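Novice: Supplied in structure tokens, the structure appears directly below.
The values are calculated or read from the model by the stated rules, or taken from the named source; none is laboratory data. Just so it is clear, the structure is predicted and the values come from calculations on it, not from any experiment. Neighbour counts run over all protein chains shown; Cβ positions are idealised from the backbone, glycine included. Only protein heavy atoms, including side chains, enter the accessible area calculation; ligands, DNA and RNA are left aside. Shrake-Rupley method; radii C 1.70, N 1.55, O 1.52, S 1.80 Å.
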Amino acid sequence: MHVLVTGGAGYIGSHAALLLLEAGHRVSVFDNLSNSSPEALKRVHQMSGSAPELFVGDLLDADRVTEVLEITKPDAVIHFGGLKAVGESVEKPITYYQNNVVGTLNLITAMESAQVKRLVFSSSATVYAESKELPLVENAQRDASNPYGRTKLHIEQILEDLAVSDPQWSIAILRYFNPVGAHPSGNIGEDPQGIPNNLMPFIAQVAVGRRNEVRVFGTDYPTYDGTGVRDYIHVMDLAQGHLDALGYLNQNTGQYVWNLGTGSGTSVLDVIGAFSRACGRQLPYELVDRRPGDIAEYYGDPTTARLELGWKAERGIEEMARDMWKWQSNNPSGYPDYDLEGIPEDELNKFIRGARESLPETK
Ligand code: NAD
Ligand code: UFG
């Protein structure tokens with residue numbers, strides 16, 4: 001199949017692009033590179049032996065989205081493109097609603113006019129209302145507690161309405177729990193800008209000496225060791241879930257929701273322990289107050305994905321830490337910091353294909 005991957009240069013998108021190419025699919029990527037690097041796609045090419053084609057563009061540029069859909073005429077779209085920082089979404093809610101909700105509306109509109117009606121969407125466990133009933137099942141009550149989460153909730157509702165209005169659509173809403181880890185080669189991984197908000201990337205930066213110590217936010221939660229508990233999922237398992245969802249959509253129209261998680265939770269202290277084993281030294285940490293807005297514990301029930309997709313998370317917290325460490329230790333500062341200003345798309349594609357050796361790096 002030919003798959004258009006929005007946000008395909010990003011963390012999860014690059015891993016999914018790799019698996020798609022390795023499975024023999026053709027991949028086009030639509031990305032504005034606002035939170036990603038063409039280097040990730042170059043490495044995806046080196047690893048898979050097939051180059052994804054990059055279309056540089058913004059989901060907010062409706063004409064460009066339409067143009068790329070018309071040029072590529074894909075069999076399906078996987079839609080990762082979006083902004084994802086919870087704290088930033090509180091400061092800039094309209095930016096988040098624009099980028100995520102309007103961006104998705106532009107995408108769907110362009111897909112309709114190109115008669116492409118197969119879509120996999122990156123949703124999040126953040127759409128679940130806080131609940132004591134764990135694990136979370138797909139029909140649990142929804143309610144988001146911040147603008148980022150509300151963009152995901154609104155998009156889910158838009159997609160539901162769309163599927164009801166036109167039965168030709170095939171739509172998968174994938175609710176990710178906490179994606180971590182990297183490709184086991186350590187060639188591609190998560191490269192957060194600035195100080196990481198999320199636990200695992202922060203720990204990884206402590207492990208390579210970029211930060212002094214991990215802060216453990218809260219030790220008085222009603223959890224097995226008092227620290228927050230989450231359902232961490234290896235990005236390779238998560239990426240595989242997208243291929244399985246695509247396979248399902250090839251056979252079925254309608255709209256489907258699947259949790260992608262492991263089904264069990266791990267505490268902050270246990271994540272630090274796993275990473276310490278992976279990097280071979282006890283990582284320093286400090287116990288501090290709770291982070292406002294955090295909840296004690298949640299993890300998802302992945303049974304529906306297992307029964308309907310045949311998908312199951314295969315990797316545990318030790319492999320997540322091992323692969324994240326491999327990525328971070330091979331790339332202590334993440335991807336090179338390229339100055340992409342003014343570089344045309346065809347030059348970026350030459351770089352991805354290896355026909356152009358380098359891009360200018362910022363000092
Ligand atoms: P990421 O930031 O690494 O990837 C997102 C990509 O989208 C980036 O390459 C970015 O440049 C691109 N992008 C953003 N806005 C765009 C726009 N307007 N036009 C074109 N491209 C745009 O993030 P990720 O962790 O790979 O997340 C992928 C998706 O999964 C996002 O939708 C995110 O909300 C969702 N998600 C992520 C997590 C997580 O913890 N990483 C959890 C649940 C859901
Ligand atoms: N934590 C720390 N120290 C840190 C960072 C986090 O102790 O420096 C703790 C948090 O309190 C929480 C756990 O580690 O208990 C995980 O926190 P993350 O920030 O890594 O992840 P969250 O579960 O808070 O949120 C993430 C994404 C959201 C997404 C959600 C569900 O940031 O966007 O997972 O998918 F919605």
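Novice: Within the group Thr253, Thr262, which residue is within 30 Å of Leu4 (Cβ to Cβ), within 14 Å of ligand 2 (Cβ to nearest atom) and open to solvent by 40 Å² or more (accessible area, probe 1.4 Å)?
Specialist: Going through Thr253, Thr262 in turn, the sole match is Thr262.
Novice: Also, quick follow-up: Could you count how many residues in the range 56-72 are near ligand 1 (Cβ under 10 Å from one of its atoms) and either over 19 Å from the mean Cα position of the chain (by Cα) or surrounded by 22 or more Cβ atoms within 10 Å (Cβ to Cβ) (or both)? Walk me through how you get there before you give the answer.
Specialist: First pass over the range 56-72, keeping only residues near ligand 1 (Cβ under 10 Å from one of its atoms): 56-61, 64-65.
Restricting the remaining residues to those that are either over 19 Å from the mean Cα position of the chain (by Cα) or surrounded by 22 or more Cβ atoms within 10 Å (Cβ to Cβ) (or both) gives 59-61, 64-65.
Result for the range 56-72: 5.
Novice: Here is a check on your reading of the model: is Leu283 surrounded by fewer than 23 Cβ atoms within 10 Å (Cβ to Cβ) and outside any helix (DSSP H, G or I)? Talk me through it step by step, then tell me what you get.
Specialist: Values: surrounded by fewer than 23 Cβ atoms within 10 Å (Cβ to Cβ): yes; outside any helix (DSSP H, G or I): yes.
Against the criterion (surrounded by fewer than 23 Cβ atoms within 10 Å (Cβ to Cβ) and outside any helix (DSSP H, G or I)), Leu283 qualifies.
Novice: Quick check on my filter: what residues within the range 292-326 are more than 24 Å from Pro184 (Cα to Cα) and either at pLDDT below 95 or open to solvent by 90 Å² or more (accessible area, probe 1.4 Å) (or both)?
Specialist: Of everything in the range 292-326, those that are more than 24 Å from Pro184 (Cα to Cα) and either at pLDDT below 95 or open to solvent by 90 Å² or more (accessible area, probe 1.4 Å) (or both) turn out to be Pro292, Gly293, Asp294, Ile295, Leu307.
Novice: I'm told Val90 meets every condition in (1) assigned to a helix (DSSP H, G or I); (2) farther than 19 Å from His154 by Cα except one. Can you identify the failing condition by its number?
Specialist: Only one criterion in (1) assigned to a helix (DSSP H, G or I); (2) farther than 19 Å from His154 by Cα is unmet by Val90, namely (2).
Novice: Looking only at residues in the range 155-190 that are open to solvent by less than 40 Å² (accessible area, probe 1.4 Å) and acidic (Asp, Glu), which one is nearest to Gln98 (Cα to Cα)? Give the steps one after another, and end with the answer.
Specialist: So in the range 155-190, the residues open to solvent by less than 40 Å² (accessible area, probe 1.4 Å) come out as 155-156, 159, 162-163, 166, 169-183, 185-186, 188-190.
Those left that are additionally acidic (Asp, Glu): 156, 166, 190.
Details: Glu156: 15, Asp166: 25, Glu190: 24 Å.
Out of the qualifying residues, it is Glu156.
Novice: So if I check each of Asp244, Asp270, Asp237, which one is within 16 Å of ligand 1 (Cβ to nearest atom) and either open to solvent by 30 Å² or more (accessible area, probe 1.4 Å) or in a helix (DSSP H, G or I) (or both)?
Specialist: None of the other options fit; the residue is Asp237.
Novice: Looking at Arg315, is it in contact with a Gly (Cβ under 8 Å, 6 or more places away or on another chain) and within 13 Å of ligand 2 (Cβ to nearest atom)? Please lay out each step first, then the result.
Specialist: Details: in contact with a Gly (Cβ under 8 Å, 6 or more places away or on another chain): yes; within 13 Å of ligand 2 (Cβ to nearest atom): no.
The answer is no for Arg315.
Novice: Follow-up. Being more than 8 Å from ligand 2 (Cβ to nearest atom) and closer than 25 Å to Glu130 by Cα is the filter here; which residues of the range 203-220 pass it?
Specialist: Residues satisfying the conditions are Thr219, Asp220.
Novice: Taking the condition in contact with a strand residue (DSSP E or B) (Cβ under 6 Å, 6 or more places away or on another chain), modelled with pLDDT of 95 or more, polar (S, T, N, Q) and surrounded by 15 or more Cβ atoms within 10 Å (Cβ to Cβ), does Ser89 pass?
Specialist: Values: in contact with a strand residue (DSSP E or B) (Cβ under 6 Å, 6 or more places away or on another chain): no; modelled with pLDDT of 95 or more: yes; polar (S, T, N, Q): yes; surrounded by 15 or more Cβ atoms within 10 Å (Cβ to Cβ): yes.
Here the answer is no, as Ser89 does not meet what is asked.
Novice: Among the residues of the range 1-47, which ones are open to solvent by 10 Å² or more (accessible area, probe 1.4 Å), assigned to a loop (DSSP other than H, G, I, E, B), more than 16 Å from ligand 2 (Cβ to nearest atom) and within 17 Å of Asn100 (Cα to Cα)?
Specialist: Correct list: Asn32, Leu33, Ser34, Ser36.
Novice: Let me ask something else about it. So, in the range 142-154, of the ones that are of a type outside the set (Ser, Thr, Tyr), out of contact with any Pro (no Cβ under 7 Å at 6 or more places or on another chain) and open to solvent by less than 30 Å² (accessible area, probe 1.4 Å), which residue ends up nearest to ligand 1 (Cβ to nearest atom)?
Specialist: The initial filter retains those residues of the range 142-154 that are of a type outside the set (Ser, Thr, Tyr), namely 142-144, 146-147, 149-150, 152-154.
Now narrow it down to the ones that are out of contact with any Pro (no Cβ under 7 Å at 6 or more places or on another chain): 142-144, 146, 149-150, 152-154.
Cutting the leftovers down to open to solvent by less than 30 Å² (accessible area, probe 1.4 Å) gives us 144, 146, 149, 152-153.
Working: Ala144: 12, Asn146: 12, Gly149: 10, Lys152: 7, Leu153: 12 Å.
The qualifying residue nearest to ligand 1 (Cβ to nearest atom) is Lys152.
Novice: List every residue pair whose Cβ atoms lie under 9 Å apart, where the two residues are 6 or more positions apart in sequence or sit on different chains, the first residue falls within the range 225-253 and is under 19 Å from Val137 (Cα atoms) and of a type in the set (Val, Ile, Thr), and the second residue, located anywhere, is more than 16 Å from ligand 1 (Cβ to nearest atom) and part of a helix (DSSP H, G or I).
Specialist: So the pair list comes out as Val229/Asp270.
Novice: Out of the residues in the range 171-190 that are part of a strand (DSSP E or B) and under 11 Å from the mean Cα position of the chain (by Cα), state the one that is farthest from ligand 2 (Cβ to nearest atom).
Specialist: Within the range 171-190, the first condition is being part of a strand (DSSP E or B), and the residues that meet it are 171-176, 178-180.
Narrowing further to those that are under 11 Å from the mean Cα position of the chain (by Cα): 174-176, 178-180.
Numbers: Leu174: 11, Arg175: 8, Tyr176: 5, Asn178: 5, Pro179: 7, Val180: 8 Å.
Checked the range 171-190; the qualifying residue farthest from ligand 2 (Cβ to nearest atom) is Leu174.
Novice: Return yes or no: is Ile78 assigned to a helix (DSSP H, G or I), at pLDDT 95 or above and more than 16 Å from ligand 2 (Cβ to nearest atom)? Even if it seems obvious, please write down each step before you answer.
Specialist: Values: assigned to a helix (DSSP H, G or I): no; at pLDDT 95 or above: yes; more than 16 Å from ligand 2 (Cβ to nearest atom): yes.
No, not satisfied.
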